[in-house]
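Undergrad: First, the structure itself, so that you have it in front of you.
The values are calculated or read from the model by the stated rules, or taken from the named source; none is laboratory data. The model shown is predicted, which means the values in this text are computed figures rather than measured ones. Because the Cβ atoms are built from the backbone with ideal geometry, glycine has one as well, and the counts that use them run over all protein chains shown. Note: areas computed on protein heavy atoms with side chains; ligands, DNA, RNA excluded. Shrake-Rupley method; radii C 1.70, N 1.55, O 1.52, S 1.80 Å.
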Amino acid sequence: MAERLAQEGICAFCLLELERCASCGRPVDDGIELKDGTHRVFCHTCVQTLPACLACQAPVDARGSRLPDGRVRCRFCDVTAVDDPAQAQALYEQVLKIAAQRLGLELSIPTVLVPVDADQLRAVLQQIEGVHQTEARPPRGVYARKGMKRGIYVEMGLPRVQMIEVIAHELGHAWQAERKPLLNDPLLVEGFAEWVAYKVLAVLGASTAMDLMRARTDVYGQGLRRVLAWQTDDPMTILERSR
């Protein structure tokens, strides 16, 4: 024990008080806390040297997993990860049902779910003109249309709640595009889509994910807070106010 304390450079009392890195287990007094509701703290060494989880951006150690396309996922996100396209389709159908029953939000044009990996999604995004690049990391999904064909592309491998959030967000874009295709204010375009995802998560009781959505400081969080301030659950009213 004395040798270990000497290596750590701290006394025995301080050792008991300090948080420990969720990856290497070393005590840290200035660690980086992950903003995902898990309150995991990581030391700077792990953050700088380990690859980041595809879903939560946490450092991924040997307890995580590596997907066939090279992406890595932490052990926490592994637990509920959706890797099977059939699972993704089931979640899509669940989101469609909630949106229709709770929000009165139904698509007029058939829109299919297209599960893809990160490279495939990147290729789709490169082919779409006018996609709002409004966040630092690449999008997890996108609504795309070509002629009468409509599709919601979603990145596979995400945890269940995150995938539901992405699907519902893109569903919001699809419904919005059918009714107000010329709306081009990123704050309102993304705010509406986030509102749809927020309401779907509320039905499922995903309060932690909802808190994280409201706390975002980018255009997504700003747009969501604006729409929520209107205090309406009618999606058509929100689109009318978006004028």
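Undergrad: Once you've got the GNM for the chain with C-alpha springs shorter than 10 Å, pick whichever of Ile164, Ile128, Ile98 has the biggest mean-square fluctuation.
TA: Sorting by GNM fluctuation, first place goes to Ile128.
Undergrad: Follow-up question, since we're still on this one. So how tilted is helix 160-179 from the main axis of the chain? Cα-based, degrees 0 to 90, rounded to 10.
TA: Around 30 degrees separate the two axes.
Undergrad: Sort region 103-241 into rounded, prolate or oblate with this rule: let a ≥ b ≥ c be the square roots of the eigenvalues of the Cα gyration tensor; rounded if a/c is under 1.5, and if a/c is not under 1.5, prolate when a/b is larger than b/c, oblate otherwise.
TA: rounded
Undergrad: Rounded, prolate or oblate: which fits region 167-243, taking a ≥ b ≥ c as square roots of the Cα gyration tensor eigenvalues, rounded meaning a/c under 1.5, else prolate when a/b beats b/c?
TA: Since a/c reaches 1.5 and a/b is larger than b/c, the shape of region 167-243 is classed as prolate.
Undergrad: Hey, if we sort Arg150, Arg73, Arg225 by accessible area with the 1.4 Å probe, largest down, what's the order?
TA: Largest accessible area first, the list is Arg225, Arg150, Arg73.
Undergrad: Sort Ser65, Ser108 from largest to smallest accessible area, using a 1.4 Å probe on the heavy atoms of the protein chains.
TA: Descending accessible area places them as Ser108, Ser65.
Undergrad: Please arrange Lys35, Lys97, Lys199 by accessible surface area, largest first, computed with a 1.4 Å probe and ligands excluded.
TA: Lys35, Lys97, Lys199
Undergrad: Amide H of Val114: which non-local residues (sequence gap of 5 or more, or other chain) have their own amide H closer than 5 Å, using H built in the peptide plane?
TA: Ile152, Tyr153, Val154
Undergrad: How many lysine pairs does the chain hold where the Cα atoms are under 28 Å apart and the two sit 8 or more places apart or on different chains?
TA: 9
Undergrad: Measuring from the lowest to the highest alpha carbon on each principal axis, how far does the chain reach, largest first, in angstroms?
TA: The Cα atoms of the chain stretch 70, 40, 30 Å along their principal axes.
Undergrad: Check which residues have an amide H placed less than 5 Å from Arg216's amide H, if you skip close sequence neighbours.
TA: For Arg216, whose amide H was placed from the backbone, there are no distant partners under 5 Å.
Undergrad: Can you give me the distance in nm between label points at Leu228 and Lys146, each placed 7 Å from the Cα along the Cα-to-Cβ direction?
TA: 3.7
Undergrad: Which whole-number percent is the relative contact order of the chain (Cα, under 8 Å, 6+ apart)?
TA: Reported relative contact order: 15 percent.
Undergrad: Next question, about the same structure. Considering only protein heavy atoms and a 1.4 Å probe, what is the carbon-and-sulfur percentage of the accessible area of the chain?
TA: Carbon plus sulfur share of accessible area: 52 percent.
Undergrad: Using only Cα atoms and rounding to the nearest 10 degrees, what angle (0 to 90) does helix 118-127 make with the longest principal axis of the chain?
TA: Taking Cα atoms only, the helix is inclined about 40 degrees.
Undergrad: Still on this structure, I have one more. Length gain on complete extension for the stretch Ala215 to Asp83, per 0.36 nm per residue less the alpha carbon to alpha carbon distance?
TA: That pair, Ala215 and Asp83, stretches by 44.7 nm at full extension.
Undergrad: Still on this structure, please answer the following. In square angstrom, what is the accessible area per residue of the chain with a 1.4 angstrom probe?
TA: The answer is 54 Å² per residue.
Undergrad: Based on the alpha-carbon gyration tensor of region 24-84, what equivalent-ellipsoid semi-axes (square roots of 5 times the eigenvalues) come out, in whole Å, largest first?
TA: Calculated on Cα positions only, the semi-axes equal 21, 13, 9 Å.
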